[in-house]
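> Could you have a look at this structure, given as structure tokens, before my questions?
The values are calculated or read from the model by the stated rules, or taken from the named source; none is laboratory data. What you are looking at is a predicted structure, and each value in this text was computed from that prediction instead of being measured. Positions of Cβ are generated from backbone atoms using ideal geometry, with glycine treated the same way; all protein chains shown enter the neighbour counts.
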Amino acid sequence: MELLRFATAGSVDDGKSTLIGRLLYDSKQIFEDQFDSVARTSAERGDEYVDLALLTDGLRAEREQGITIDVAYRYFATPKRKFIIADTPGHIQHTRNMVTGSSTADLVLVLVDARSGITEQTRRHASIAALLRIPHLVVCINKMDLVGFDQRRYIEIREEFSEFSANLGMKEITYIPISALEGDNVVASSRVMDWYDGPSLLEHLEEVEIVSDHNLEDPRFPVQRVVRPHSNDLHDYRGYAGQIAGGFMKVGDEVLVLPSRQTTRIQALETMDGPLLQAFPPMSVVMRVEDDLDISRGDLICTPENQPLVSQELAAVVCWMADAPLRAGRRVALKHTTRWVRAVVQEVQFKRDVNTLLRDAEASELALNDIGGITLKTTEPLFFDPYQRNRTTGSFILVDENSNVTVAAGMLTGVVPQ
Amino acid sequence: MEALLTHLDALESESIQIIREVVAEFERPALLFSGGKDSAVLLHLAVKACWPQPIPFPVVHVDTGQNFEEVIAFRDARVRELGCRLVIASVQEAIDRGDITDDVSPGSSRNRLQTHSLLKVIEDGNFDAVFGGARRDEEKARAKERVFSFRDEFGQWNPRGQRPEIWNLFNGRHRKGEHFRIFPLSNWTELDIWQYIGQEGIELPSIYFAHRRRVVRRDNMLIGVGPFTQPRSDEETFEALVRYRTVGDMTCTAAVESEAIDVEMVINETVLARVSERGATRTDDRFSDAAMEDRKREGYF
């Protein structure tokens with residue numbers, strides 16, 4: 001069975017929680033006691049129907065205010081796949097949650113209210129999905145029951161969205177007309193909307209092709225830790241533990257170690273279950289190499305013929321997540337793959353309007369939830385790939401050195417030209 | 001070749017990456033090990049993550065003094081087998097010292113009292129990262145918790161002030177006195193846990209499988225009769241074929257009727273289960289919708 005991670009996004013009233021509740025309920029993942037608890041709360045509030053949204057709102061403040069505060073993770077499985085849902089709130093101020101929830105997703109599901117059509121929120125969510133290079137986008141046109149299941153309305157919205165998204169560079173967009181409240185096209189195909197002959201949402205989630213979503217071209221192995229057991233039977237053992245971040249790595253391959261630029265060959269790829277002949281993302285393995293080299297945490301193992309970019313002067317797009325705005329001169333800690341370095345922000349180059357993806361080149365600072373382009377100088381060179389080529393070796397976080405709080409999610413775009 | 005992992009292998013790899021980050025970045029990690037199925041899986045993953053080195057940190061058990069003897073025996077056997085250090089935080093000793101007061105009212109449990117002993121053992125051991133086997137599918141408040149979950153110097157969780165967690169770039173930076181709870185099983189479900197136990201052949205305490213036990217029916221749950229759970233005057237004791245879906249303190253863990261004698265039969269039951277794991281078996285989560293959220297804020301597991 002495969003694993004599919006997807007993130008949902010929608011405005012407060014798009015019925016996102018209802019949709020998730022429906023997916024869980026109709027795929028029989030809701031337990032009776034959980035359903036009873038929700039039914040009780042619904043009845044106490046005087047709702048006409050059982051509010052499935054209550055299944056996903058976990059914290060007291062959320063139930064009291066009827067909103068979703070934070071990213072919540074939900075799980076369900078069908079005989080075909082296991083699903084992890086990152087459920088993100090739709091409020092404007094929660095771009096950071098959307099970025100957080102989508103960062104590990106294979107697919108983003110955007111909800112559109114069939115009555116109101118494409119809104120600023122829809123555009124924002126689709127833009128963020130595009131920015132984070134999520135391979136698959138699903139646009140669910142919801143509340144079709146409230147527009148009389150009208151095919152023309154569905155087509156109108158689909159055309160409006162595809163016109164907007166033409167510039168997003170999304171690999172794949174799928175449109176599905178649904179009614180989360182009544183269950184049409186969520187798990188089972190809608191009988192009312194017989195004019196729609198595509199898959200139901202669940203069918204699509206079960207079938208969408210995810211095998212090629214990892215980078216399988218560029219061998220990359222960031223060293224997580226050096227394993228030296230120092231025991232009698234493993235006296236000379238020296239291995240490098242880590243998770244493959246790109247490409248295939250095979251026993252016998254010639255490899256290059258950064259930053260030392262020494263070359264050697266892969267002697268073994270192993271796990272507690274035994275030796276492997278090759279490994280690919282996202283496998284966690286221990287690698288041993290033929291020569292006795294000085295390799296430590298934070299080093300990157302690649303191949304001599306396929307090397308990442310190496311630079312201290314970096315261009316990146318960041319989502320700023322702190323209250324105080326980001327300006328040039330700001331010093332931060334930066335975590336990239338398995339290493340921490342210090343960095344200073346050289347320049348805020350532009351701010352991106354997340355509704356249109358247009359650049360505002362006049363911007364000189366980024367406020368909370370802003371997305372923009374910056375340049376950074378790091379204390380030591382990073383070994384990286386552009387984010388659009390590799391989501392693992394192309395991403396980083398920025399951390400405030402005083403409060404230790406994570407203040408930005410960053411995507412590397414390249415080296416700053418000298 | 002098909003370059004795609006099965007869901008269990010993908011989950012395993014993710015958990016191993018998390019554990020290795022902690023071992024690499026923290027000074028004094030520890031692993032909470034209750035002897036329950038989730039902590040058995042957690043310990044197995046820790047062994048795999050550190051392999052071929054033995055795990056370089058101690059395991060900690062917060063012992064209410066009211067545990068199932070089968071579970072304590074399993075705990076001790078596993079620790080002996082791995083040769084790791086076991087630190088026991090005893091709730092009974094804290095009560096005897098007068099640090100906390102035992103609640104002796106009918107139907108009470110020492111569950112909530114564990115928070116004190118847990119925080120004390122973390123402080124005494126100077127642990128800066130404490131692995132726990134909690135899963136996000138267990139409970140609504142848990143669904144919103146980070147993998148690297150920050151605790152202030154009072155051990156408290158602040159659900160609204162959590163650090164964003166992006167990609168798998170974990171931020172474990174902290175000041176002295178603060179610590180992190182680390183949840184490598186965040187993305188696992190009860191079914192994943194059982195399937196993985198089957199795949200890996202992980203040993204469990206015998207009470208997870210069907211056995212005959214003397215029980216009483218209380219609040220529509222089956223409570224095993226033992227030294228800490230005596231039948232009340234109006235309760236009738238009878239023998240039933242049961243197993244435990246979760247294993248905690250005897251006073252707050254209920255059994256379910258079951259004929260599942262092996263992992264495969266448990267998996268089949270889990271697929272068909274209509275009541276959640278905590279709802280079926282935990283008397284402590286029935287007080288209110290926010291019972292877990294409140295305990296967690298105070299520093300609970």
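> Pairs please, first residue from segment A:399-414 and at the interface with another protein chain (Cβ under 9 Å from one of its Cβ atoms), second anywhere and of a type in the set (D, E, K, R) and not in a loop (DSSP other than H, G, I, E, B), Cβ atoms under 7 Å, 6+ apart in sequence or on different chains.
So the pair list comes out as A:V399/A:K335; A:E401/A:R331.
> Kindly indicate which of A:G46, A:G15 is at pLDDT 75 or above, surrounded by fewer than 17 Cβ atoms within 10 Å (Cβ to Cβ) and more than 14 Å from every other protein chain (Cβ to nearest Cβ).
Every option except A:G46 fails the conditions.
> Give segment A:76-98 a look and list any residue that's at the interface with chain B (Cβ under 8 Å from one of its Cβ atoms), at pLDDT 90 or above and out of contact with any His (no Cβ under 6 Å at 6 or more places or on another chain), or say none.
Correct list: A:R81, A:I84.
> Let me ask something additional. Tell me yes or no: at least one residue of segment A:208-225 is more than 19 Å from B:N168 (Cα to Cα), within 11 Å of chain B (Cβ to nearest Cβ) and either of a type in the set (F, W, Y) or assigned to a strand (DSSP E or B) (or both).
no
> So, one more: Of these, A:A328, A:A324, A:A363, which one is farther than 19 Å from A:L382 by Cβ, surrounded by 16 or more Cβ atoms within 10 Å (Cβ to Cβ) and in the same structural domain as A:T378 (by TED's automatic domain parsing)?
Selected residue: A:A363, the only one of A:A328, A:A324, A:A363 that is farther than 19 Å from A:L382 by Cβ, surrounded by 16 or more Cβ atoms within 10 Å (Cβ to Cβ) and in the same structural domain as A:T378 (by TED's automatic domain parsing).
> When you check B:L169 against the structure, is it closer than 27 Å to A:R74 by Cβ, within 14 Å of chain A (Cβ to nearest Cβ) and touching a residue at least 60 places away in the same chain (Cβ under 8 Å), yes or no?
In short, no.
> Further question: Restricting to segment B:236-250, what's the tally of residues that are assigned to a loop (DSSP other than H, G, I, E, B) and surrounded by 15 or more Cβ atoms within 10 Å (Cβ to Cβ)?
7
> Would it be correct to say that B:A73 is farther than 30 Å from A:H230 by Cα, touching a Ser or Thr at 6+ places or on another chain (Cβ under 6 Å) and either surrounded by fewer than 13 Cβ atoms within 10 Å (Cβ to Cβ) or not charged (D, E, K, R) (or both)?
Here the answer is no, as B:A73 does not meet what is asked.
> What's the number of the only condition in (1) touching a helix residue (DSSP H, G or I) at 6+ places or on another chain (Cβ under 7 Å); (2) buried (at least 21 other Cβ atoms within 10 Å of the Cβ); (3) not assigned by TED's automatic domain parsing to the domain that holds B:Q162 that B:V263 fails to meet?
(2)
Residues are listed down the side, and each one gets a yes or a no for (1) facing chain A (nearest Cβ under 8 Å); (2) of a type in the set (F, W, Y); (3) in contact with a Gly (Cβ under 6 Å, 6 or more places away or on another chain); (4) in contact (Cβ under 8 Å) with a residue 12 or more places away in the chain:
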position: B:L5; (1), (2), (3), (4): yes, no, no, no
position: B:L11; (1), (2), (3), (4): yes, no, no, yes
position: B:G36; (1), (2), (3), (4): no, no, no, yes
position: B:V47; (1), (2), (3), (4): yes, no, no, yes
position: B:P52; (1), (2), (3), (4): yes, no, no, no
position: B:G83; (1), (2), (3), (4): no, no, no, yes
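> To continue, here is another question. I'm trying to understand the selection: among the residues of segment B:172-224, which are small (G, A, S) and either within 9 Å of chain A (Cβ to nearest Cβ) or farther than 25 Å from B:M250 by Cβ (or both)?
B:G172, B:G177, B:S186, B:G198, B:G201, listed by residue number.
> Has segment A:376-384 got any residue that is surrounded by 15 or more Cβ atoms within 10 Å (Cβ to Cβ), at pLDDT below 95, of a type in the set (V, I, T) and touching a strand residue (DSSP E or B) at 6+ places or on another chain (Cβ under 9 Å)?
no
> May I pose another question? Sort out which residues of segment B:202-235 are outside any strand (DSSP E or B) and closer than 17 Å to B:M265 by Cα, and write them in order of number.
B:I202, B:E203, B:L204, B:P205, B:S206, B:I207, B:Y208, B:F209, B:A210
> If you take the residues in segment A:49-70 that are over 18 Å from A:T18 (Cβ atoms) and not in a helix (DSSP H, G or I), which one is modelled with the lowest pLDDT?
Result: A:L59.
> Another question about this same structure. Please work out which residue is nearest to A:A180 (Cα to Cα), limiting yourself to segment A:190-225 and to residues that are out of contact with any helix residue (DSSP H, G or I) (no Cβ under 9 Å at 6 or more places or on another chain) and aliphatic (A, V, I, L, M).
Looking at residues that are out of contact with any helix residue (DSSP H, G or I) (no Cβ under 9 Å at 6 or more places or on another chain) and aliphatic (A, V, I, L, M), I get A:V208.
> I'm trying to understand the selection: among the residues of segment A:340-360, which are crowded, with 20+ Cβ neighbours inside 10 Å and modelled with pLDDT of 95 or more?
Listed by number, the residues that qualify are A:A343, A:V345, A:V348, A:K351.
> Looking for something modelled with pLDDT under 95, out of contact with any strand residue (DSSP E or B) (no Cβ under 6 Å at 6 or more places or on another chain) and hydroxyl-bearing (S, T, Y) - is there at least one such residue anywhere in segment B:51-66?
yes
> Next question. Which of (1) more than 24 Å from the chain's Cα centre (by Cα); (2) facing chain B (nearest Cβ under 10 Å) does A:K250 not meet, given it meets every other one?
Condition not satisfied by A:K250: (2).
> Given (1) under 30 Å from A:S127 (Cβ atoms); (2) in contact with a strand residue (DSSP E or B) (Cβ under 7 Å, 6 or more places away or on another chain), where does A:V289 come up short, assuming only one miss?
(1)
> If you check A:V286 against the conditions, is it in contact with an Asp or Glu (Cβ under 9 Å, 6 or more places away or on another chain), part of a strand (DSSP E or B), over 24 Å from A:S103 (Cα atoms) and not basic (K, R)?
yes
> Same structure again: Of all the strands (runs of 3 or more DSSP E) wholly in segment A:78-145, which have at least 2 residues that are within 22 Å of A:E163 (Cβ to Cβ)?
Hits in segment A:78-145: A:107-113, A:136-142.
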